[in-house]
Structures are given as C-alpha cells and as structure tokens.
2 protein chains.
Amino acid sequence: MSEPRYKWIGTRPIRPDGFDKVTGRASFGADLSLPGMLYGKVLRSPHAHARIRSIDVEPALATPGVKAVVTAADLPDLASEAVRGAETQTDFQDLSRNVLARDKVLYHGHAVAAVAATSRTIAERALQAIRVDYEVLPAVLDLDAALADDAPILHEDLRTKGVEGADQPTNLAARIEIGRGDVEKGFAEADVVVEREFTTRMVHQGYIEPHAVVAQSGEDGHSVVWCCTQGPFVVRAYCARILGLDPSQIRVIPSEIGGGFGGKGTIYQEPLAILLSRRTGRPVKMVMTREEVFRATGPTSGTRIRVKVGATAKGKLTAAAATAIYEAGAFKGSPILPGSMTMFAPYVLEHVRIEGFDVVLNKPKVAAYRAPGSAMAAFAAESALDELAIRLGMDPIDFRLANAAREGTEAPYGPRFGRIGFVETLEAAKRHPHYTAALGPDQGRGIACGFWFNVGLQSSAAVNLNEDGTAVVVSGCPDLSGTRITLAMMAAEELGIPIERVRAVVADTETIGYNDLSAGSRVTFATGMAVVEAARDVVRQLSARAAAIWEVDPQEVRWEEGRALPPEGAAGKPEPLGIAELARRAAQTGGPIVGQASLAARGAGPGFATHICDVSVDRETGRVSIERYTAFQDVGRAIHPGYVEGQIQGGVAQGIGWALGEEYLWNSSGAMENPGFLDYRMPVASDLPMIDAQLIEVPNPTHPYGVRGVGETPNVPPLAAVANAVHAATGRRFTDLPLSPPRVLEALDSEE
Amino acid sequence: MSEPRYKWIGTRPIRPDGFDKVTGRASFGADLSLPGMLYGKVLRSPHAHARIRSIDVEPALATPGVKAVVTAADLPDLASEAVRGAETQTDFQDLSRNVLARDKVLYHGHAVAAVAATSRTIAERALQAIRVDYEVLPAVLDLDAALADDAPILHEDLRTKGVEGADQPTNLAARIEIGRGDVEKGFAEADVVVEREFTTRMVHQGYIEPHAVVAQSGEDGHSVVWCCTQGPFVVRAYCARILGLDPSQIRVIPSEIGGGFGGKGTIYQEPLAILLSRRTGRPVKMVMTREEVFRATGPTSGTRIRVKVGATAKGKLTAAAATAIYEAGAFKGSPILPGSMTMFAPYVLEHVRIEGFDVVLNKPKVAAYRAPGSAMAAFAAESALDELAIRLGMDPIDFRLANAAREGTEAPYGPRFGRIGFVETLEAAKRHPHYTAALGPDQGRGIACGFWFNVGLQSSAAVNLNEDGTAVVVSGCPDLSGTRITLAMMAAEELGIPIERVRAVVADTETIGYNDLSAGSRVTFATGMAVVEAARDVVRQLSARAAAIWEVDPQEVRWEEGRALPPEGAAGKPEPLGIAELARRAAQTGGPIVGQASLAARGAGPGFATHICDVSVDRETGRVSIERYTAFQDVGRAIHPGYVEGQIQGGVAQGIGWALGEEYLWNSSGAMENPGFLDYRMPVASDLPMIDAQLIEVPNPTHPYGVRGVGETPNVPPLAAVANAVHAATGRRFTDLPLSPPRVLEALDSEE
C-alpha cells in the first residue's frame, strides 16, 4: 500500500496564536479584570496535621473592604463516594475537603477559609484576622510512618480498598494487583535475577502560570467562570458538585493556559471564586502565588518501588515482579494503577506481577502529571533491566529488542496490542549515530524505554463554513500544545483549502458539546477524529449543494482540492464549483453549512519511546550534565512535526528535571522548604542540550490520519535514561532520585 | 383537527436574563474594559455639504496621549457596487464613505476622522487639533430642493436606477414601480375617490443604548470585536469589506443590546475601532454620545406620499394608486421598496399602482426601522381609506372587511398569500368592547391596519446536552426581545423537559454557524425552526442510544415527556430511560449528544394587525392624549405570550411617538437642532395608557409551532390609527406628522 499523499498533514505552518504568546498579548487566567471586581485570597493551614476546633471569621468580616468570608461550613457536606470522573475516580467528599478543610487540616498549606475584598492587600490582611483554633496532631510525613502500626490516622473513615476484611482505620487507601502467570516459576527459569528498590520524591508539574480564576455570578444564579484549565467541562462538573449546583448553572470559559501537564485537570480556587461571587454579587478574581501553587496544588507522588526481573542467559525475560508504594498526599488517589499497568508494558512477559499501594500522608494531594505514575515505574523497571543487560553482557537495545512487545503481544494489564511501533523505536535508536558516538572521560550513555496508553474519551467539534469559504474549527479542548493549528490542519486537509483559510478556536462549555479534559494525549487523536468527521460532514453538504445546482446524483460528485467536480458527462458540462463559490451561494441553496461531530473515541494507539542519554559527571561537584539526548518515539503520524517535536522536547526536559534536581524538601513539621523556583530546581534552557526528537511514524489504524497521542510518553523514559547514563559514567547504580550534586557527590565519595 | 397540546408553548416562564437586566448587571456594548485600552472618538463635519480640500492630522498626532489618527485615506477606496447584503442591497463604497467621509462631507455630523488616545478627554481634545479645510457647498435639505433642476448634486456619479437613459448626475437614486391592472380603469369604476398627499419627517429608532464597540487586534492580524449589534455576522462581513480583510480575520462577540429596531443592523464605528486597534496594538473602545447617535446614525426616511383610492358605493375598492418619495439621506437606499410593497398589501385590489422614488439629500443616511418604510406608507393609505369609508358612510372595519386579503389573495407586490389572519384581526376588533365603548367630549376613535412580510433568512442553532440531562440552546442571533427564553421553550417542548433545565445562549461568529441579522421579525420563526430541528436531532440520538441499550430497533422507541419508552413487548420489559440517565451514560453509549441545524428558512407567515386608538384633544394646548389603545394582531402562535405582548406594546409606543411628537428639526444650515431626548420628544411611560395587545393565533403552517414574526407589524398601523382618531375627535384630517401641539393648535385655530 503506497503512502497517502497529503497537502497539509506533516507540514509545519505557523500557529496563529503564537504571535500573541511571544509578544505577551495572549490572555491567560489572571489577565481578565471586570468592573467592580473583588480579590479573593485563601487562608492556609500552618500545620501539616491538625484538628480545627473553631474558626472565627468575624474580625475579618469587620475589616473595611472585606465583602465576604467563607469556610467549609458554607459548602455542602458531601458524603464520600466514588463517581467516575473524566479520567480517574473522583471522590467529591475528598475534593470538597481539599477545596476547603472541614474538621481537619491535612497538610501544610491546606485551604481553611477564603476572603473576598476590594483589594488584594485588604484580602491578605483580612486573612490574618481570621482566628482558627487548631489542635495540632502528629504529622505523617513519609511512607514508613504512614504505614506503621501506630501511625496517626489522617481519615478515621478510610479503609483499605482491594483488601478483604480490612475494617480498621488506616492510611493505606488501596491495594491493587496487576499481572499474569506464575512469577515464582518464571524466576526459577531465570539464569540471572536482579532485584532492587528505587525511590522518587514528590515533584511538581511546574507549569509557569499559577492557577487563576475570575468568577461572575448573575442575579439568576448563573455563574460565568474564566480560568486556566485543562478541562472547562470538568471544572463545571466539579464546581457544580462541590457547590450543590446544576452544571447548567455554571459556564466555564477557558483562558489561554501557561502549562498544565495534568495538574490543571482538577479544581482548587474555582468553587471558592464562584461562592464568593454569589455571596457578594460582584466578580471575584483569585490568583495563586507560586508558593501556594507548590504548597497546595497537586505534585505527583513520591514513590518506593521494589523490582525484581529475571532472564535466561540468552536474554529472554522470564519474569518480572514489583511492589510499588505511591504517596497519594492528603487524600487517596495516587497514580498507582497506571504506574503499575505501564511498568513492564513494553515487554513480552509470560509471568508478571505488580502489587501496588496507595498511601495517604500529610502532604498536598497529588494530581495527574504527564503519563501519571509511569515515569517512576519506568525508572525502577528500566534501571533494573539495564542492570540485567549488563549482567548478561548484552547490548541494552538488543536485550530490549529480544523482549519487545509487538502487534499481538498481551500487555501485562490485559489486552493485546494492536499495531505499535516499539520495535521501530529500538531499531531507529540502534542505527542512529548517537548510539555509537564516542564518549569523553567521566561521560556515560544510558538508554531507557517508555510506554503510555494514550486515551480517547469524549470530544465534540464543529466546522463552521464562513460565507467566503473560510472555515472555523470549534472544539472544547484547551490548547496545551499547538492543538488549534493541528486541528485546523486536519480540517484544511479534508476540505482541500489552504491552512490560512482555516481558523481553530476553543469554545466554552455553553457553545460546544461536551469535551473531556485536554489530557491523556488525547486531543489530536480524539478531538482530531471529531474534527475530521465534522469536516467530512461539511464536504458531504458542499457536494450535495453542487449536485443540486448541477441536478446530478450527489453520490457522483467528487470533492478534490477544495472543489466539487461534476460527474463525467453531466448535462451542460458544468465547471467545478469551488468552496468559496458554494459558500457564497449557501443562502440560496439551503442555508449555512456547518459540520458537527461528537464521539467517544476508541482505539487510541499506545505510544512507545526509546531514549538515548549522554551525561558527564563532575567528580569535584557531583554535578551531572546532559551532554546529548535523543528521543525516538512512535508518534503514529505527526500532523505538525514541529509541535510533536516540541512535546517530546518538553517531556524530556521535565523528565531530566525530575531525574537531576526537582524534589519537595520538607522540614520536620511538614512544611515545604523550597516553594519557589529559586530553590525548587527545574532545569532552564542553559541546563539542557538541544533535545533531538526523532519521529517514528507507525500509523495508528484507528485514526483517519494515523495519529497516536504523543504528549506523555516522552516523560516516561528520562528518569531511567539519565540514571543509566550516570551508572555508565560512574559505575554507580543510583536508585534514589533526584541525582542532585550533593547526593551524587556523596555516592562517589563513598565509592572511593 | 384538534389543537395540539403543549407543555411550554404558550406559557410565560421568567426569562433568566431579565434579572441581570433589571438590576443593571447585564453587560452592554460599553461595559467591557480591557487592560491598556485606548478610547476612540470621531471628528464630525460641521457642515451639511462640503468638499474636503485637506485634512491635517499632525497637530492631533502630536498631542501627548494620542496614539493614532485615521481618515478615509487609511481605508481602501472601494469602487461602487451593489452586493447582496443580509437584508438589503449594500453598496460598500457608500458604506465606506459613511464610515469615514472621502472627498466630501454629506451631512452635518458625517465622520471625517477618528482618534485613539489614552483617555476620552485627550481623544476629544485631539479632535479639535485636526485641521480640516472645507469648501462649503450649498446643502440640499428637502425633497423639493433635492429634485429641483438646478439642485446641488451630492454624488457626481449617481444616476437614477430604474429609469431608461438616465445619464445625468442627479439626487434621484432610484425609481420603482409596483402594481398590476389598470388603475385608470379602476378609478373610472369608482363611485367615490379620495386623493391626498401625506408627509412624515425623519424620526430615529431611539434605542436607549448608544452604539458602542471595543476592538482588540492581535499580532496575527486577527481582531476580536465586542459590540451591541443586531447582527454579529453582518458586522463581521461589513467590517471585513470596509477594511479589505477576510471575514475570518474578525471575530464579533455580541453584547447585550439596549434596543436596535433595525438601526443596529449596520456599522458605524466598528471598522474604525478595528483599524485603530490594528494601528496601536491596543484595545480601542468607542462609545457614541446621544448627540452622535442622532446626528450620524440611521433615522428613517422623511416621506411625501400622494395616495388615490376609489371604491364603489357598496364599498368595494376599485383601484389604489400612490406616488411615494422617500428621503434616503446622504447615500441611496431608503426603504421605498418595502414601503411601496406593503402600502396596500392588506387589501384585495385588481388595479393598483405605486410609483416610488429614492432621493438623496444632505441628512444622515437612513437605516432600517421596524417594518422599514411601511409605517409611513400605511399612514397615507390608511388615512385615505378612513376618509373613503367616511365618504361612503361605512363602518371603517366593515369597509376593510369587505376588501380584506385572505388566503389566496394576490398581494400587490406579486405572490398569493398563504394562510393569513387579517380578517380574524378585523373581526376581533369589531367585537371587542373597546370598539363600541362610549367616548367623551373632544375624544375620537380611529382604526387602522398594517401589514409586514416577515422574513426567514439564514439561521444556525445547536442544542448541546449536558452530562446531567440539562441542555444548552446555542444560537447566533442577538436577543432583542426575549428570544433566548422563547428558543429555550421550543427546545424544552421538543425534549420534554422543564424549561428550567434549558439554557439559551447567543454565541459569537466563531462558535456558531452563520446567522443573518436579528431583524425582519425572523428570530423566533427562523432560528426557532433551527432550534426545533436541532432538538429533534437530540431526541433522535437519545432514542437511538436507548434502542442500543435495549437492543431494539430505534424506530420503535418513542420519546415522551423527556423519556425514551421501550417498544411493547421488548425483551426483559425494560423501564423507560430518562434524559438525565441517557445523558449520564453518553460516554459509554457513543459520546456527547449534540443536535445541530442550519437552514435558510422559507415560508415566514405575513403579519397583519388592526389597531383601535382613542384620543382626546386639548383644544387649549393642541395636545393629543392617547386614552385607550388596543392592538389586534395575528401572531401565528405565541410561544411566550408575554414577550409577544411586549413586542406589540413597544411597536405601538414607537408608532405613537412618531405620530405625536418625534421629528428631526433642522436649522437652515442643515444641523439637527434637537439631538437629545429632552428636545426629541419620544413618549415616556406617563405619556401612554397601557397598550392592550390582543393576540390572534392563526398558526403559520410552515413553522412547526405555527410561529409568525411579530416584532414589526405593530409599528405599522399607529400613525394612521392616531391620525384617524384625531380626525374623529376634531373633524380635521391631518396629513403631516407629527401631530405635535403647535401643529394641532394651528389647524384647530385655522378651522375656527
């Protein structure tokens, strides 16, 4: 079968929204101001764990300029329940209590009350006037302490899910198990077995834009909410639940978004802004400081993962087992499930077993972070496999190729893979010049692989044809990564018109059908499918209009390069009718032309990647420098290669930060000690080389253009790739991230 | 055929947008402010007619705080052309030159230049610094002067349209002719003939909200325009043409609108705001003063109409003829065509002929005003018919009944009427107690009838089902008259759910398919049809989802009261599935449910009305007071009777203002002398009795609920109804509006 020829798919047009972003003109969450607007601020707990005896808001309310103060008493007291949310189980009791603490505060920074005042300064001053009487409780700050027999209990009503007969209060929220076969049998067949324990720390998504919201409530009880979010429909649904409203009473308008990476798929201040606006009858703006973002919005879990892998002398994996414990933060719900499911997903394994634990402790509740749970799992698995390959004396790529999942392989979590491109990424890595380039002294090269499911979920899109034949692509998924231009390109391809004649916009929750989060690497895949369907709907209508004009059977009209072509031998030999002409005549031929599609997308093609990382290690300072990095990823088909590369580069950069510098540092009372970008060490441009993104295109057969999600997979391999490279450079196997200079230095010193 | 039973159609739910409107919270055109926003102001001509020798903007540009100054030189110099606009022929050369004068100013107040500055005050000061060198020309201020042989010519290139061989420059822009038969023959058959000339003056639509716009242009050349308008898509199209842009480069977001009445269906400042924003890179707000609204936005034509009507002694109309001359203002395009078409439309006439003239003169260019052209035509026709009935000694209603158009009657302008309710309005008027109520001294009763076509045109709508089973109705027609709640009611009826569970919103030009103006009494009719289609699309999808769950044929599923009912004898006897349950399960059954419809609506049912007016005339002061007013109108079917009554009351109030007090007063140099609501006498609540709106429901067979347009017809009869009542009270036939106290007094004095 020959490759399809495309006009726009695979090209690199400039995204129109880029101009406003680079010149600082784009409107982000905090950029809206309304007449009469109040400023909201949140009072946060100074304790990691305490009972709230009482809250006296009267002194704050008496402060001139203060218009309202709210506490958990102003929210419905929701019963615990697990309702299927957009991506994960959402317990609205937990969500409500994370939005405003009720009875207890569970982490340092936990929201306790919110104030709306005529200025930011007055609001901040009023916070200090709120008197909270706390009974301070012992804080649970690490997994051992959380799981100890005499551990202080965060939630008296929490029982372990997934364990028979667990009826005692506990901090262990869930136990899960993934796998098949008989791992003991598998390990017995192994010639070499590696077993090790790996740990990672809480890290933050580190989006540049803090959470920001403006809410305006009308006299009819209807509220309009502007905010930066990955999911306006999720904000609507969650706020409605927390506030006891109908979703139809809330309209969410998404602003531009300065990064989300999973962390902007839930709510924090949004219901408070609505509540304060309903109370005061005025618009209320709430913008977090960076410190608030760190202290009170979702990082991802710190983890402890024990891995055991075995292989024959010839390099065939015989078994893999793991025990993974993930920090959930103050409320249940770490990404232990996807972490466990993805851990060994790239490999053919007859015997595999992963036991996972979700543990609550007195830290902020975690949120999704790019391929949730998977990077830490891959850090453990790919480090262990690296060691196994070394012990076997095998090239690490050859070792993986010998065990690589292919079409038809049964994934550890159940289903068989369809057409996937994992082997292609390994083969591309092996033949790439990077893999055999010479290394200098104190340098090392590591490789690691990664997997992410990618998801489909629900999307709606419309394609509105303008009267001049230009088109507007309307979707409801905030643009995190260039998805507007990408969706426009698919529509341009279908319509056969120049990309400059297609504009893509993100609508709000009242002007487009339901859309799930911009998350799970799903927008170009699932919303793209909806756009393609909607554009084909437009083409069908245009062809029908042309057929009516020519008085021929619509089935006989062909659409090509933006024109309807008459059937051979049509009466009067009519000329082709272009889209602009058909649009101009729409009023006479039946009215406006609008294509629409809504779907629950299935068949998101899994994404696999192989990364090569070169590091140098400064033996004086312990500093690890990334010298070269090449990421090979099966992207299905890259609609806009530039933004696919950008996704891969961004994911790798985040993974490198996680590997080398990022971590929440806690003091003994459970306060984060580094809640700012000076002390929380994210990599900046000067810390990194150019990340070389190599796009491997193994089209996903379920998408009309072969798209697979690409946004999350790149964040999976870097932790292990860096650690494996540092091992190659130093001979030391690092099992505890980050590989920050003091830690590396200590290890090197202990070696000598 | 029994009457259909409805749950919501015909009820009076509260409109949700009403709360914000009565509390002052709703956002109108001037209510948006953006960071860094500039203020734009327009320099206007101090002459009614002058050549512009030169414009020196440098001193204005040098004013601190002034960021840009534009003149016609900054706009493309468009060639004259007539392109089919949304409702009428739009000549974009004229439109451009009305937006900014080029070469000549043509009326006092004509825009000459626009300034953007950091404050309103600076902008106003900068206007004074612009030096315009005018060569003042003689002004043409009335129809006689305009049509005189030696008249000063406004447009050197204007030739009379509709006249063979007219090749001389002229102020007569067009001659039209409507009619059939042989009027001379008809008049020869008449026993009584009445011939009279009637005049009316320019009056303004008098919307409370002045024109207001904020434009923000991005780095990519794309502009967002917020404004109060009857047609965001028309603003987009017109601005694009005037500025030489593609429509897709402009997004128009309609604000709430404080009245339009036809006058907000075109553009004035909007392209200037876009241009100034493109120049400065900052948002630009422009808000007219009331004086600017009067001086430079569309009033409707002053007119002179000579009418001749004849009837047999038995009261059968034998012929009707008229010569109508309408002021177009500075650019061609008075409503002479619809005025002529509607003049005798309520009557059966074998012989009818109307000759119409469109005349330019040095006054502001007219714009559409509620049933454009028709009220003045009806003033002339219905006054003459009143006189004819009196001369025949017939009851005026009986006389009209004897000649009334019915289903199948050929309208004077061509087509045959379908099912219409004119006779029903006459009969209802005749049997209403008002018609026979006793009158006091110096009181009189008049009746008059009126007709308006009503239009269909293009509409798009979507019905988005939320995940809780509530629905959003999305349309693109600004809500002038309660159309949001009306559209929501139709959707609630189709879906079978409570009206509280349906929310209707007006989307912008990028999030809904094309929509023509909110005008021509078309929204409830045409957009309503689209909403009904879209809601039925939702019901079809819901039924299909239920069928899939039940594993039955979708054709066998019935939808009733918001629930899908399984077919008799379905396996397992399933329970009905409600909309909320089906919405909740949408993700699992195929994705979001969105209904969509776009159409070019045909078959707008014509609207007829009969009005009864009682006046008393104060013989001391000449003041005419409206004592009682009852309007009978065929409304097809009233979806929300409260808002239909409101439309009728509003239209009558405007007609009464036109009849009794409103007029543009000019000084000798062509400046309007009364450009404010103190001196321009619109009726206020205390000037009027409660207008009794009697809804006659003769369903329009082409609309699923029988809707006819209702907004314009009520403005047609009042001029004549009032004048006929004053005749009854005084015995004087007034042929020149308004019947202001001095004029009435003068007539009464001359009588005595």
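Listed values, structure above:
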item	result
24 Å Cα-Cα threshold exceeded, pairs from A:104/A:161; B:7/B:573; B:67/B:332; A:21/A:41; A:185/A:314	B:7/B:573; B:67/B:332; A:21/A:41
Percentage of interatomic Cα-Cα distances in chain B larger than 40 Å	37 percent
Computed label-point distance, nm, for sites residue B:553 and residue B:684 using a 7 Å Cα→Cβ extension	6.9 nm
Amide H partners (placed H, <5 Å) of residue B:191, local residues excluded	B:311, B:312, B:313
Separation of alpha-carbon centers, the stretch A:654-724 and the stretch B:540-576, rounded to whole Å	49 Å
J(HN,Hα) series, the stretch B:366-375, from Karplus relation 6.51 cos²θ - 1.76 cosθ + 1.60, nearest Hz, glycine and proline x	6, 10, 4, 9, 4, 6, x, x, 7, 4
Within 10 Å of each Cβ in A:466-474, the average number of Cβ atoms from other chains	5
Exercise: per-residue mean of other protein chain Cβ atoms within 10 Å, A:593-606	4
Loop-located GluC sites (Glu not before Pro) in the stretch B:123-171 whose Cβ has at most 11 other Cβ within 10 Å (DSSP)	B:156, B:164
Derived scalar couplings ³J(HN,Hα) [the stretch A:218-233; Karplus, 6.51 cos²θ - 1.76 cosθ + 1.60; whole Hz; x for Gly, Pro]	x, 5, 8, x, 8, 10, 10, 10, 9, 7, 8, 7, 7, x, x, 5
Mean-position separation - Cα centroids, the stretch B:356-431 and the stretch A:99-164, in angstrom	75 Å
Long-range amide H partners of residue A:448 with built H, under 5 Å	A:611
Values of log10 I(q)/I(0), in the order q = 0.10, 0.19 Å⁻¹, for the stretch B:362-518 under a Debye, Cα-only, solvent-free model	-0.64, -1.17
CD proxy at 222 nm, helix term only [per DSSP H run n ≥ 4: -39500 (n - 2.57); per residue of the protein assembly as shown; nearest 500]	-8000 deg cm²/dmol
Two-site label geometry, residue A:581 and residue B:121: point separation in nm, points 7 Å out along Cα→Cβ	6.0 nm
Contact order normalised by residue count of the stretch A:611-734, Cα under 8 Å, 6+ apart, percent	39 percent
Contact order relative to length of the stretch B:280-361, as percent, for alpha carbon pairs under 8 angstrom and 6 or more apart	28 percent
Within the stretch B:584-657: Cβ-based charge dipole about Cα centre, in debye rounded to nearest 20 (Lys, Arg +1; Asp, Glu -1)	620 debye
Derived scalar couplings ³J(HN,Hα) [the stretch A:234-239; Karplus, 6.51 cos²θ - 1.76 cosθ + 1.60; whole Hz; x for Gly, Pro]	6, 4, 4, 5, 5, 4
Separation between Cα centres of the stretch A:174-242 and the stretch A:579-609, rounded to whole Å	32 Å
Exposure proxy order (Cβ contacts within 10 Å, fewest to most) of B:141, A:147	A:147, B:141
Lys/Arg +1, Asp/Glu -1 at C-beta; chain B dipole; positive extreme among B:709, B:73, B:449	B:73
Contact order normalised by residue count of the stretch B:233-278, Cα under 8 Å, 6+ apart, percent	46 percent
Exercise: per-residue mean of other protein chain Cβ atoms within 10 Å, B:578-590	2
Amide H within-cut-off set for residue B:518, under 5 Å, with H built and near neighbours excluded	B:231
Computed P(r) (all Cα pairs; the stretch B:488-615; 5 Å bins; percent)	2, 9, 16, 18, 15, 12, 9, 7, 5, 3, 2, 1, 1, 0, 0
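Computed from the coordinates by the stated procedures, all read-outs in this text should not be read as laboratory data. Note that the structure is predicted; figures quoted are calculated from it, not measured. We place every Cβ from the backbone using ideal geometry, glycine too, and count neighbours over all the protein chains shown.
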